[in-house]
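Working notes, beginning with the structure itself.
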Amino acid sequence: MPNKMPKKMPKKIRLSKSLARKTVQQRLAAARKGRAARVKGVARDRQAADRKANLGELPQWTTAEIAEAFRRFAAANPTPRGELAHINPFTLLVAVVLSAQATDAGVNKATPALFKLADTPEKMIKLGEARLRDLIKTIGLYRTKAKNVIALSNKLIEEHSGQVPHDREALEALAGVGRKTANVVLNIAFGEPTIAVDTHIFRVGNRTGLATGKTPLEVEMKLLAAVPEQYRLHAHHWLILHGRYVCVARRPLCEKCVIADLCKWPGKVVNSPVQIGNANK
């Protein structure tokens, strides 16, 4: 029986894939040059745009637009990483608990000395709450957080043989651990495709229209339903980093944004590929 010749890809599909690659290259090049878009010059216009976004009034992105955005995020940063320093699942859990209403940078300044002394629940209990407070006193709400870390360390020993559980319900039963913290631990420590919606992701989702919602849970559910499976593992890292360094709260850096042309925020003006010029130069 003669071998069948492979069918040629339809011309329309070949062109659309080529266009998608070109779009990614153009937008990455424009963002690197600081020419992707520009923010409207009048502060009043930006504030009005943010008010509209905060009310969830921006158009929700299509599935195709979401896939295109994550294709660009992946092209720009194929292996994103969380910025909280940790040694093992336990120290990751502690670091995330300490990061509530605090910056990762601030937590990272305090934890090296702490984790050198206590990188397991047993060592944390031996360290004691008073010494723990002293080591993390530069972090906001350190007294409450110290109490929670000792309490969760005790519970890990009593109910989980000193191991961080690979289970959402068990994680959320620990002192100081909510859904966001559980999602971070499940994602980073256990490779689960969870999306931890913090203030950055909540802002990016609503400001861009990528995933609008009045609560973090609503934004999380929309993202889980819409983000293509191949991007879900790193989705929350890409979005957190985007919100932390590009789509910042006061004045987003639209000129450096790889998804500016997809974004529905009315406070910016997009530069077209023609204005950008040849992305391959």
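Greater than 27 Å separation of Cα atoms is the criterion. Which listed pairs, K109/K145; K145/K256; K33/K268, meet it? As for pairs spanning more than 27 Å Cα to Cα, those are K145/K256.
Annotation for D45 and Q163: the two label points, set 7 Å from Cα along the Cα-Cβ direction, are 5.8 nm apart.
Taking all protein chains together and a 1.4 Å probe, the residues T215, T63 rank T63, T215 from largest to smallest accessible area. Expressed as a whole percent, the accessible area of the stretch 149-276 that falls on carbon and sulfur atoms is 55 (1.4 Å probe). Largest accessible area first, the listed residues M221, M124 line up as M221, M124 when surface is computed with a 1.4 Å probe on the assembled protein chains. 3J(HN,Hα) couplings calculated from phi for the stretch 167-176 with the Karplus curve 6.51 cos²θ - 1.76 cosθ + 1.60 (θ = phi - 60°) are, in sequence order, 7, 4, 4, 5, 5, 5, 7, 7, 4, x Hz; Gly and Pro show x. Within a straight-line Cα-Cα reach of under 18 Å, K40 can be paired with the following aspartates and glutamates, leaving aside sequence neighbours fewer than 8 residues apart in one chain: D50, E255, D261.
Of the residues R133, R44, R143, ranked by 1.4 Å probe accessible area with the largest first, the sequence reads R44, R143, R133. Across the chain, Cα pairs under 8 Å and at least six residues apart give a relative contact order of 32 percent. Helix 216-226 and the longest principal axis of the Cα set of the chain meet at an angle near 50°. In the chain, helical runs assigned H by DSSP with n ≥ 4 each contribute -39500 (n - 2.57); averaged across all residues and rounded to the nearest 500, the mean residue ellipticity at 222 nm is -17500 deg cm²/dmol. About the centre of its Cα atoms, the chain shows a dipole size close to 1820 debye [charges on the beta carbon of Lys, Arg (+1) and Asp, Glu (-1) only; nearest 20 debye].
Multiplying the residue separation of K109 and N88 by 0.36 nm and subtracting their alpha-carbon distance yields 5.8 nm. Segment K123..T63, full-extension length gain: 16.8 nm, with 0.36 nm per residue of separation and the alpha-carbon distance subtracted.
Within the same chain, aspartates and glutamates fewer than 8 places from K137 are excluded, and of the rest, those with a Cα less than 17 Å from its Cα are D104, E129.
The values are calculated or read from the model by the stated rules, or taken from the named source; none is laboratory data. Quantities reported herein were computed from a predicted structural model and do not represent experimental measurements. Glycine also receives a Cβ, built like all others from the backbone with ideal geometry; neighbour counts cover every protein chain displayed. Surface accessibility is based on the protein's heavy atoms, side chains included, excluding ligands, DNA and RNA. Shrake-Rupley method; radii C 1.70, N 1.55, O 1.52, S 1.80 Å.
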